[in-house]
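Some notes on the structure that comes next.
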Amino acid sequence: MADSYSEGRTGDGEYQEQFLNDKTLRRLGAAVAGLFTLAVGGFIAAIIFTQVDFELFVEIIHPQFVNAFLRVLGIVLLGSLLSVTAGIFVGLGRVSNTRFTNTVATAYVEFFRGTPLLFQLLVIFVGIPAFWPPGQFPISNWQYPTAIIGLTLNHAAYVGEAVRGGIDAVPEGQMEAARSLGMSYVQGMREVVLPQAWRNALAAIGNDQVILVKDTSLLTVIAIPELISAFRNVNSTTFDPWTPIILVAIAYLMITIPLGKIVNHLEARADWGGDRR
Amino acid sequence: MSLLEFDEVDKYFGETHVLKDVDLNVEEGEVCVIIGPSGSGKSTLLRCANRLEEIQGGEIRLEGQSISAADADINRLRQRIGMVFQSFNLFPHKTARENVTLAPTKVKGLKEGDAERRADELLDRVGLGAQSNSYPNQLSGGQQQRVAIARALAMDPHVMLFDEVTSALDPELVGEVLDVMHDLAEEGMTMLVVTHEMGFAREVGDRIVLMADGKVVEDSPPEVFFENPKTDRGKQFLSKLL
């Protein structure tokens, strides 16, 4: 739509006389994008040809980086599943007409969104075992449950806000129509409002889940051998920064880019009647 | 006993008194058309009839059962009251057929196959047999409103409420919706219709109820109301239409 509209105007003599008309703007944009590509491409090429040690590269991929990658992937999958599930309930609490439920959900969001994830991880990691006498804490490898609990609690707050926004964006007439047909509030929510709220919230939820992936880098602080730890290991023994940096970048992008594709796919699937694609 | 009874109904929005002591009885098989200037309380009255709005005084009864009582089983009562909205309110994530089958399957526990057969019958009846697999955004406004009528009919209501159902439509699409309503009236459906379509009111209505400032100011048969209204408010309203 927007394209054909602007093209229709470029043939117009009046517009072409101005310096910044549609055609020059388009060329300017392409020129800036070209320069940017050249600069970044050149920088990456310079790193690869002058900085990366390919022998070391091959040596550290397996098992160190592969293991770190699989560990992060596992934590992301579990954390995503749990945080989105919990977030839907947080969102429902946020739109509840029951004052108590609403207040609790709001307080939850304020706390977990208002304090840093790193702080929350430390509270769980060192705070919870302190309830037991020293050395008596029954769970070994407590850092892994800490990671899952921390990521879930923190991101459920963000997903909850996305879900609340999604529900608020569904016109009131939808619930009214459902109720006028004899459906209960719960039926109206489940059958009519939530499927639409889900679509409205998808982009924001996907955005949050990408942040969750990157938040796993904080887990280096609670001694989980994830990607940043792997980088620090290699760097501290070889003094080579760029070789492990490239691997870290590749590993994160191998999760975040497919995640974005999944969100796009879900959005396209929730495009009832196809006005978007 | 009338089918639908409004008994001294009072309704406030905050401080504003929007329905003042409204009495109105709708008989079985009757088409009762409510007209009046905007802000007169017509739509509010209709929305109170299936408790989308709470009333603060009086009582509303359907077939003798109170709709407005605190302990009324409203989900059950609403099954007998069909409602069609100005803004259609079709479910955008469901096809025309799914819009019609949703409530019968979820609320009445009808089997999927039976509900679908019934839905196709109803969609045929409103002239949309060929569009049953279309999503609302693939339909015109007039088609969407006809699906909405079929959706309400699927619950086998005893009375249908129409809330300015043609006001959001392009002029050339109004006729197809009014035709469906016309047929429905001829089949004997009890209807309470809020509308600005005076031609429809005159032709299809059994009664014209004029509301102004939250009150019923005239209640006459259409030939009386449009030829020789009984009240000054009625005359005044008619004079502004021309």
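Summary table
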item: Residue list for segment A:43-82, filter: more than 27 Å from A:Asn141 (Cβ to Cβ) and within 29 Å of the chain's Cα centre (by Cα); result: A:Phe43, A:Ile44, A:Ala45, A:Ile47, A:Ile48, A:Phe57
item: Single condition A:Leu259 does not satisfy, out of (1) within 30 Å of A:Pro171 (Cα to Cα); (2) under 16 Å from the mean Cα position of the chain (by Cα); (3) open to solvent by 40 Å² or more (accessible area, probe 1.4 Å); result: (3)
item: Elements of type helices (runs of 4 or more DSSP H) in segment A:18-120, at least 3 residues being surrounded by 12 or more Cβ atoms within 10 Å (Cβ to Cβ), of a type outside the set (Lys, Arg) and in contact (Cβ under 8 Å) with a residue 24 or more places away in the chain; result: A:54-60, A:66-94, A:99-114
item: Counted residues, segment A:177-188 - those being buried (at least 18 other Cβ atoms within 10 Å of the Cβ) and part of a helix (DSSP H, G or I); result: 6
item: Qualifying positions in segment B:99-114 - facing chain A (nearest Cβ under 10 Å) and either in contact with a Pro (Cβ under 6 Å, 6 or more places away or on another chain) or open to solvent by 40 Å² or more (accessible area, probe 1.4 Å) (or both); result: B:Lys106, B:Lys108
item: Candidates A:Gly182, A:Gly165, A:Gly188, filtered to the one that is modelled with pLDDT of 95 or more and on the phi > 0 side of the Ramachandran plot; result: A:Gly182
item: Test: B:Ser140 is buried (at least 20 other Cβ atoms within 10 Å of the Cβ), away from every other protein chain (no Cβ under 12 Å) and on the phi < 0 side of the Ramachandran plot; result: no
item: Residue count, segment A:176-189 (criterion: more than 7 Å from chain B (Cβ to nearest Cβ), aliphatic (A, V, I, L, M) and over 30 Å from the mean Cα position of the chain (by Cα)); result: 1
item: Meets criteria (open to solvent by less than 60 Å² (accessible area, probe 1.4 Å) and among the polar types (S, T, N, Q)) for A:Ser236; result: no
item: Top-ranked residue in segment B:144-155 [being assigned to a helix (DSSP H, G or I) and over 14 Å from the mean Cα position of the chain (by Cα); ranked as farthest from B:Glu116 (Cα to Cα)]; result: B:Gln144
item: B:Thr190 being open to solvent by less than 10 Å² (accessible area, probe 1.4 Å) and out of contact with any Ser or Thr (no Cβ under 8 Å at 6 or more places or on another chain); result: yes
item: Any hit, segment A:246-256, residues being crowded, with 18+ Cβ neighbours inside 10 Å and over 16 Å from the mean Cα position of the chain (by Cα); result: yes
item: Cβ-Cβ under 8 Å pairs, at least 6 apart or on other chains, segment B:94-122 side under 23 Å from A:Arg269 (Cβ atoms), far side modelled with pLDDT of 95 or more and surrounded by fewer than 14 Cβ atoms within 10 Å (Cβ to Cβ); result: B:Thr95/B:Asn133; B:Ala96/B:Asn133; B:Arg97/B:Asn133; B:Thr101/B:Glu112; B:Thr105/B:Lys111; B:Thr105/B:Glu112
item: Cβ-Cβ under 9 Å pairs, at least 6 apart or on other chains, segment A:129-140 side open to solvent by less than 100 Å² (accessible area, probe 1.4 Å), far side in a loop (DSSP other than H, G, I, E, B) and among the aliphatic types (A, V, I, L, M); result: A:Pro129/A:Ile139
item: Test: residue in segment B:155-172 that is farther than 23 Å from B:Ser43 by Cβ, away from every other protein chain (no Cβ under 13 Å) and surrounded by fewer than 16 Cβ atoms within 10 Å (Cβ to Cβ); result: yes
item: Segment A:168-190 residues that are closer than 16 Å to B:Val147 by Cα, paired with ones that are open to solvent by 60 Å² or more (accessible area, probe 1.4 Å) (beta carbon under 6 Å, 6 or more apart); result: A:Gly173/B:Ser87
item: Odd one out for A:Leu266 among (1) open to solvent by 40 Å² or more (accessible area, probe 1.4 Å); (2) farther than 30 Å from B:Arg97 by Cβ; (3) touching a residue at least 60 places away in the same chain (Cβ under 8 Å); result: (2)
item: Verdict on A:Thr152 being among the hydroxyl-bearing types (Ser, Thr, Tyr) and open to solvent by less than 50 Å² (accessible area, probe 1.4 Å); result: yes
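The values are calculated or read from the model by the stated rules, or taken from the named source; none is laboratory data. Quick caveat: nothing in here was measured; it's all calculated off a predicted structure. Methodologically, a virtual Cβ is constructed for each residue, glycine included, from the backbone with ideal geometry; neighbour enumeration extends over all protein chains shown. Surface accessibility is based on the protein's heavy atoms, side chains included, excluding ligands, DNA and RNA. Shrake-Rupley method; radii C 1.70, N 1.55, O 1.52, S 1.80 Å.
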